[in-house]
Amino acid sequence: MDEQLDAVPEPAEDRGAGLDRRAELSEFLRTRRARLKPEDVGLPDFGRHRRVPGLRREELAQLAGVSVAYYTRLEQGNGNNVSAEVLDAIARALRLSDAEHAHLTHLAKPKQHRKRAACRTQQVRGALRQLLDTLDGVPAYVVGRRSDVLAWNRMAAALFGDWSKLPERERNWARLVFLRPDYRDLFTHWEQKASDVVGYLRLDAGCHPDDPRLSALVGELSVKSEDFRRLWARHDVKEKAYGVKLLRHPLVGELTLSFETFRLPADGEQSLVTYHAEPGSPSAEALRLLASWGADARTSAPSV
């Protein structure tokens with residue numbers, strides 16, 4: 001299955017402001033390999049001292065059906081001309097999730113994005129804003145590139161805080177989670193929320209490594225937050241989908257809410273996120289109470 005990996009120079013746009021795609025590819029493959037043990041993939045472990053955690057390069061190459069030299073060049077960040085077939089084989093060997101497989105493909109075979117397109121202003125359609133307003137009792141918002149919060153309804157403001165009072169650049173989940181103590185208090189399992197946000201950013205970075213705004217955001221958070229640096233170094237990626245979040249609201253106390261993510265077909269880089277409680281549950285009653293307070297619920301209520 002081996003193919004020639006030529007040392008072709010990177011396109012000029014990859015050398016501008018942004019993340020180093022070759023370094024990202026190298027570190028992603030290394031960290032995915034390090035998390036596997038021989039017994040995880042059906043290989044014998046003879047108990048010899050292993051200098052590095054996880055699988056060796058030669059073991060991974062054997063599983064993927066490529067030569068050690070070929071895989072080594074790929075893990076060194078030289079992914080030019082690698083085929084989808086080889087990437088699929090490596091993804092299977094590394095037991096990558098769908099999101100991780102997509103991330104590997106974006107890093108190894110990047111699409112030619114223009115910086116102008118990567119930096120264009122994100123617009124939310126008027127009809128979608130109207131839909132948000134009609135979702136009475138359901139906290140909902142639209143999130144776009146770089147985890148930017150683009151639009152939200154009254155219930156989202158009551159649950160998460162009135163984002164309209166923040167400068168536009170601060171309406172960003174990564175900045176909120178890592179730089180604001182009140183959001184650390186809001187999420188009962190803050191570490192999981194923080195890990196999820198970093199995973200979304202990593203996936204975005206794989207699609208748009210030449211985005212200077214994303215690079216600047218990562219740089220800012222790396223300087224200001226030790227937690228962000230630690231989680232970013234793990235190279236985990238995740239696609240936002242659905243799940244359950246436990247929150248501790250200053251007015252109504254603890255809530256258990258399910259969230260759903262709907263990718264918008266007209267703009268695949270925007271998603272509608274909704275939260276709801278099980279009917280008849282204490283959390284549903286808490287949401288009704290928040291609805292009566294409105295957008296000022298987070299700021300007007302005493303701490304609990």
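Quick look at the numbers
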{"quantity": "Spans of helices (runs of 4 or more DSSP H) in region 154-202 with at least 2 residues at pLDDT below 95 and β-branched (Val, Ile, Thr)", "calculated": "none"}
{"quantity": "Leading residue by the ranking (surrounded by the most Cβ atoms within 10 Å (Cβ to Cβ)) among those in region 198-222 that are closer than 17 Å to Phe178 by Cα and of a type outside the set (A, V, I, L, M, F, W, C)", "calculated": "Arg202"}
{"quantity": "Whichever residue in region 270-281 is surrounded by 14 or more Cβ atoms within 10 Å (Cβ to Cβ) and outside any strand (DSSP E or B) and, among such residues, is modelled with the lowest pLDDT", "calculated": "Gln270"}
{"quantity": "Selection count, region 219-246, where residues are among the hydrophobic types (A, V, I, L, M, F, W, C) and outside any helix (DSSP H, G or I)", "calculated": "5"}
{"quantity": "Those residues of region 133-153 which are in contact (Cβ under 8 Å) with a residue 24 or more places away in the chain and not in a strand (DSSP E or B), in sequence order", "calculated": "Leu135, Asp136, Gly137, Val138, Pro139, Gly144, Arg145, Arg146, Ser147"}
{"quantity": "Residues within region 223-253 that are touching a helix residue (DSSP H, G or I) at 6+ places or on another chain (Cβ under 8 Å) and either surrounded by 15 or more Cβ atoms within 10 Å (Cβ to Cβ) or of a type in the set (Asp, Glu) (or both), tallied", "calculated": "17"}
{"quantity": "Residue check for Leu214: closer than 30 Å to Leu104 by Cβ and either touching a residue at least 60 places away in the same chain (Cβ under 8 Å) or not assigned by TED's automatic domain parsing to the domain that holds Ala266 (or both)", "calculated": "yes"}
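Table: residues versus (1) surrounded by fewer than 17 Cβ atoms within 10 Å (Cβ to Cβ); (2) over 15 Å from the mean Cα position of the chain (by Cα).
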position	(1), (2)
Ala140	no, yes
Arg145	no, no
Leu150	no, yes
Lys165	yes, yes
Thr188	yes, yes
Gln192	yes, no
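The values are calculated or read from the model by the stated rules, or taken from the named source; none is laboratory data. Owing to the predicted nature of the structure, the values given are computational and were not obtained by experimental measurement. Every residue, glycine among them, receives a Cβ derived from its backbone with ideal geometry; neighbour counts consider all protein chains shown.
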